[in-house]
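Contents: one structure, followed by commentary.
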(Lines give C-alpha, C1' and ligand atoms only; values in the text may rest on other atoms or scores of the structure.)
Protein backbone atom coordinates (compact mmCIF):
# COMPACT_ATOMS: atom_id res chain seq x y z
CA UNK A 1 0.00 0.00 0.00
CA UNK A 2 2.93 2.31 0.72
CA UNK A 3 4.24 1.88 -2.80
CA UNK A 4 0.82 2.78 -4.21
CA UNK A 5 0.88 5.98 -2.15
CA UNK A 6 4.39 6.70 -3.40
CA UNK A 7 3.23 6.12 -6.97
CA UNK A 8 0.20 8.40 -6.52
CA UNK A 9 2.38 11.06 -4.90
CA UNK A 10 4.87 10.88 -7.77
CA UNK A 11 2.06 11.24 -10.33
CA UNK A 12 0.70 14.27 -8.47
CA UNK A 13 4.19 15.74 -8.23
CA UNK A 14 4.68 15.34 -11.98
CA UNK A 15 1.40 17.11 -12.69
CA UNK A 16 2.23 19.92 -10.28
CA UNK A 17 5.72 20.37 -11.68
CA UNK A 18 4.33 20.66 -15.20
CA UNK A 19 2.05 23.50 -14.14
CA UNK A 20 4.75 25.22 -12.08
CA UNK A 21 7.23 25.44 -14.93
CA UNK A 22 4.93 27.60 -17.05
CA UNK A 23 5.44 30.65 -14.80
CA UNK A 24 9.23 30.37 -14.57
CA UNK A 25 11.52 31.20 -17.45
CA UNK A 26 12.97 28.14 -19.13
CA UNK A 27 16.69 27.83 -19.75
CA UNK A 28 18.61 25.24 -21.71
CA UNK A 29 21.26 23.12 -20.00
CA UNK A 30 23.79 20.88 -21.74
CA UNK A 31 22.45 17.64 -20.28
CA UNK A 32 20.23 16.06 -17.67
CA UNK A 33 19.78 12.56 -16.33
CA UNK A 34 16.44 10.79 -16.21
CA UNK A 35 14.72 7.47 -15.90
CA UNK A 36 11.15 6.39 -16.47
CA UNK A 37 8.73 4.42 -14.35
CA UNK A 38 5.67 2.74 -15.86
CA UNK A 39 2.76 1.12 -14.04
CA UNK A 40 -0.88 0.30 -14.50
CA UNK A 41 -3.76 0.09 -12.07
CA UNK A 42 -4.99 -2.98 -13.96
CA UNK A 43 -2.05 -5.30 -13.29
CA UNK A 44 1.00 -5.69 -11.06
CA UNK A 45 3.69 -5.29 -13.74
CA UNK A 46 5.90 -2.23 -13.33
CA UNK A 47 8.75 -1.12 -15.56
CA UNK A 48 11.88 0.92 -14.95
CA UNK A 49 14.06 2.36 -17.70
CA UNK A 50 17.80 2.75 -17.38
CA UNK A 51 19.16 6.10 -16.30
CA UNK A 52 19.71 8.00 -19.51
CA UNK A 53 21.65 11.13 -20.35
CA UNK A 54 19.57 13.51 -22.47
CA UNK A 55 21.36 16.38 -24.20
CA UNK A 56 20.08 19.95 -24.53
CA UNK A 57 17.36 19.77 -21.92
CA UNK A 58 15.22 22.73 -20.86
CA UNK A 59 14.67 23.40 -17.16
CA UNK A 60 12.88 26.12 -15.22
CA UNK A 61 15.29 28.81 -14.09
CA UNK A 62 13.91 28.99 -10.56
CA UNK A 63 14.19 25.42 -9.31
CA UNK A 64 15.86 23.48 -12.14
CA UNK A 65 12.74 21.38 -12.68
CA UNK A 66 12.47 19.64 -16.03
CA UNK A 67 10.48 21.86 -18.39
CA UNK A 68 8.00 19.85 -20.40
CA UNK A 69 8.40 16.74 -18.27
CA UNK A 70 4.99 15.65 -19.48
CA UNK A 71 6.40 15.42 -23.04
CA UNK A 72 9.02 12.93 -21.86
CA UNK A 73 6.42 10.84 -20.04
CA UNK A 74 4.25 10.93 -23.20
CA UNK A 75 7.19 9.49 -25.15
CA UNK A 76 7.28 6.58 -22.73
CA UNK A 77 3.50 6.16 -22.76
CA UNK A 78 3.41 6.19 -26.57
CA UNK A 79 6.20 3.60 -26.70
CA UNK A 80 4.18 1.28 -24.50
CA UNK A 81 0.97 1.86 -26.46
CA UNK A 82 2.48 1.45 -29.93
CA UNK A 83 5.54 -0.79 -29.61
CA UNK A 84 4.53 -3.02 -26.70
CA UNK A 85 0.75 -2.97 -27.24
CA UNK A 86 0.14 -1.88 -23.64
CA UNK A 87 -2.03 1.24 -23.73
CA UNK A 88 -3.35 3.11 -20.71
CA UNK A 89 -0.17 2.96 -18.67
CA UNK A 90 0.77 5.64 -16.18
CA UNK A 91 4.26 6.92 -16.94
CA UNK A 92 6.50 9.03 -14.73
CA UNK A 93 9.85 10.57 -15.56
CA UNK A 94 12.29 11.35 -12.76
CA UNK A 95 15.08 13.75 -13.68
CA UNK A 96 17.89 15.84 -12.28
CA UNK A 97 20.93 17.73 -13.46
CA UNK A 98 23.08 15.52 -11.20
CA UNK A 99 23.41 11.82 -11.93
CA UNK A 100 23.87 11.03 -8.24
CA UNK A 101 20.42 12.46 -7.41
CA UNK A 102 18.72 10.34 -10.09
CA UNK A 103 20.59 7.22 -8.94
CA UNK A 104 19.36 7.83 -5.38
CA UNK A 105 15.74 8.16 -6.53
CA UNK A 106 15.99 5.06 -8.70
CA UNK A 107 17.43 3.02 -5.82
CA UNK A 108 14.65 4.23 -3.50
CA UNK A 109 11.92 3.27 -5.97
CA UNK A 110 13.52 -0.11 -6.71
CA UNK A 111 13.76 -0.72 -2.96
CA UNK A 112 10.05 0.01 -2.59
CA UNK A 113 8.95 -2.25 -5.42
CA UNK A 114 11.47 -5.09 -5.21
CA UNK A 115 12.35 -5.43 -1.52
CA UNK A 116 9.61 -3.94 0.64
CA UNK A 117 6.81 -5.35 -1.51
CA UNK A 118 8.57 -8.49 -2.73
CA UNK A 119 6.20 -10.75 -4.62
CA UNK A 120 3.53 -8.07 -4.96
CA UNK A 121 4.89 -6.60 -8.19
CA UNK A 122 6.44 -8.07 -11.31
CA UNK A 123 9.33 -5.64 -11.83
CA UNK A 124 10.79 -5.44 -15.34
CA UNK A 125 13.52 -3.30 -16.84
CA UNK A 126 13.88 -1.52 -20.17
CA UNK A 127 17.40 -1.00 -21.44
CA UNK A 128 18.45 1.99 -23.47
CA UNK A 129 18.29 -0.16 -26.61
CA UNK A 130 14.61 -0.91 -25.84
CA UNK A 131 13.61 2.72 -25.24
CA UNK A 132 15.46 6.02 -25.54
CA UNK A 133 14.22 9.47 -24.50
CA UNK A 134 14.37 12.08 -27.27
CA UNK A 135 15.17 15.73 -26.55
CA UNK A 136 12.11 17.98 -26.39
CA UNK A 137 12.55 21.51 -27.71
CA UNK A 138 10.99 23.93 -25.23
CA UNK A 139 12.50 27.05 -26.79
CA UNK A 140 10.09 29.95 -27.10
CA UNK A 141 8.79 30.30 -30.62
CA UNK A 142 10.40 33.52 -31.84
CA UNK A 143 8.72 33.47 -35.23
CA UNK A 144 5.23 34.00 -33.84
CA UNK A 145 4.87 37.46 -32.36
CA UNK A 146 2.54 37.65 -29.38
CA UNK A 147 -0.76 39.22 -30.28
CA UNK A 148 -1.71 42.25 -28.16
CA UNK A 149 -4.78 41.72 -26.05
CA UNK A 150 -7.75 43.62 -27.34
CA UNK A 151 -9.72 45.60 -24.83
CA UNK A 152 -13.39 44.84 -24.55
CA UNK A 153 -15.70 47.72 -25.12
CA UNK A 154 -17.50 48.72 -21.98
CA UNK A 155 -21.21 49.04 -22.29
CA UNK A 156 -22.70 52.07 -20.59
CA UNK A 157 -24.63 51.02 -17.54
CA UNK A 158 -28.20 52.13 -17.14
CA UNK A 159 -28.34 53.97 -13.82
CA UNK A 160 -32.10 53.52 -13.46
CA UNK A 161 -31.76 49.73 -13.16
CA UNK A 162 -29.20 49.81 -10.37
CA UNK A 163 -30.13 50.23 -6.71
CA UNK A 164 -28.38 53.12 -4.97
CA UNK A 165 -25.31 52.35 -2.94
CA UNK A 166 -27.07 52.87 0.40
CA UNK A 167 -29.24 49.83 -0.30
CA UNK A 168 -32.58 51.72 -0.42
CA UNK A 169 -34.67 51.58 -3.52
CA UNK A 170 -35.36 54.91 -5.27
CA UNK A 171 -38.91 56.16 -5.44
CA UNK A 172 -40.81 55.21 -8.60
CA UNK A 173 -40.59 57.72 -11.47
CA UNK A 174 -43.31 60.40 -11.60
CA UNK A 175 -45.74 60.28 -14.47
(message) For the structure I just gave you, tell me whether residue 115 is modelled with pLDDT under 95 and in a helix (DSSP H, G or I).
(response) yes
(message) Of everything in segment 28-51, what is farther than 15 Å from residue 132 by Cα, assigned to a strand (DSSP E or B) and touching a residue at least 40 places away in the same chain (Cβ under 8 Å)? Give them in sequence order.
(response) 28, 29, 39, 45, 46
(request) Filter segment 52-68 down to residues that are touching a helix residue (DSSP H, G or I) at 6+ places or on another chain (Cβ under 6 Å) and either more than 19 Å from residue 31 (Cα to Cα) or outside any loop (DSSP other than H, G, I, E, B) (or both), then give me how many there are. (result) 0
(request) Search segment 75-108 for residues being in contact with a helix residue (DSSP H, G or I) (Cβ under 9 Å, 6 or more places away or on another chain) and over 19 Å from residue 125 (Cβ atoms), and hand back the single one that is surrounded by the most Cβ atoms within 10 Å (Cβ to Cβ). (result) 96
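Confirm whether residue 13 is at pLDDT 95 or above, outside any loop (DSSP other than H, G, I, E, B) and under 23 Å from residue 125 (Cβ atoms). Show your work before the answer.
Working: at pLDDT 95 or above: no; outside any loop (DSSP other than H, G, I, E, B): yes; under 23 Å from residue 125 (Cβ atoms): yes.
Judged against the criteria, residue 13 is not a match.
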(request) Output the residues belonging to segment 109-131 that are under 30 Å from residue 60 (Cβ atoms) and touching a helix residue (DSSP H, G or I) at 6+ places or on another chain (Cβ under 9 Å). (result) 109, 112, 113, 126, 130, 131
(message) Return the residues of segment 98-121 that are under 14 Å from residue 35 (Cβ atoms) and in contact with a strand residue (DSSP E or B) (Cβ under 6 Å, 6 or more places away or on another chain); say none if nothing qualifies.
(response) 99, 102, 105, 106, 113
(request) Kindly indicate which of 120, 154 is at pLDDT below 95, surrounded by 10 or more Cβ atoms within 10 Å (Cβ to Cβ) and at negative phi. (result) 120
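The values are calculated or read from the model by the stated rules, or taken from the named source; none is laboratory data. Since the structure is predicted, the reported quantities are computational estimates derived from the model, not experimental observations. No Cβ is skipped: glycine too gets one built from the backbone with ideal geometry, and neighbour counts run over all protein chains shown.
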